[in-house]
Amino acid sequence: MTRIQTYKQRLRHGAVVVLAASLAAAGCAYAQWAKPAPAQAAEQRPQPYNPAADANKDLAAAQARARAAKKGVMVIFGANWCPDCIVLHRLLDEPETRAYVRAHFEVVSVDLGRFNKNTDLAQRLGVNLDKGIPAAAFLAANGSSIGNTNQGELEASRNYHSDMILRFLREVAEHHKITRPE
């Protein structure tokens, strides 16, 4: 065997070792990335939109509670596959915002599926889904409409903070105005 052949064999063997090590490292990195860390797993929340819920029945129950408690009703239209919908629910669940919501609104989360469910309810409440989801209808305690987010006010929830959502909700509850969260 010549020196050149020996050198080529060593080079091939070294390349194979480097390739195997790289694949092993990539596999380990993927395994760590793919599974949630224990802290993340504990943070996971149930999905906000129940696909099996009867939205009309849930709305009627919320309206009855709202009438009795003299609160408004917030009907949120969205889907569990929608990142902005998930973010909005997380923002609503922040302590200060959650306290305000509980004091002023009965909340109904309406699952739209892949826009193949409950669109009739959105239409009945005057909610235009063309600007994206999440979208919401706000009703007074007596059932009259306060307003809707028909201009996509909540669609970009991923860009909002809980204090922005809180100010938005205060405008709705206290002034009966639908504004873009700022």
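For the stretch 53-68, the candidate set comprises residues that are surrounded by 14 or more Cβ atoms within 10 Å (Cβ to Cβ) and hydrophobic (A, V, I, L, M, F, W, C); within that set, the residue that is farthest from residue 80 (Cα to Cα) is 66. Would you say residue 174 is among the charged types (D, E, K, R), over 13 Å from the mean Cα position of the chain (by Cα) and outside any strand (DSSP E or B)? Yes, satisfied. Scanning the stretch 139-149 for residues that are under 15 Å from residue 181 (Cα atoms) and surrounded by fewer than 23 Cβ atoms within 10 Å (Cβ to Cβ) turns up 147, 148.
Here residue 132 clears all of (1) without any contact (Cβ under 8 Å) to a residue 60 or more places away in the chain; (2) within 19 Å of residue 103 (Cβ to Cβ); (3) not aliphatic (A, V, I, L, M) except the condition numbered (2).
If the condition is being more than 17 Å from the chain's Cα centre (by Cα) and surrounded by 19 or more Cβ atoms within 10 Å (Cβ to Cβ), then the stretch 105-119 contributes 105, 106, 118. Taking the stretch 77-138 as the region of interest, the helices (runs of 4 or more DSSP H) fully inside it that hold 1 or more residues being among the hydroxyl-bearing types (Ser, Thr, Tyr) and touching a helix residue (DSSP H, G or I) at 6+ places or on another chain (Cβ under 8 Å) are 95-104, 119-124.
No value in this document is a laboratory result; all are computed from the given coordinates. All of these numbers come straight from a predicted model, not from anything done at the bench. FYI the Cβ positions are ideal-geometry reconstructions off the backbone, even for glycines, and counts take in every protein chain you see.
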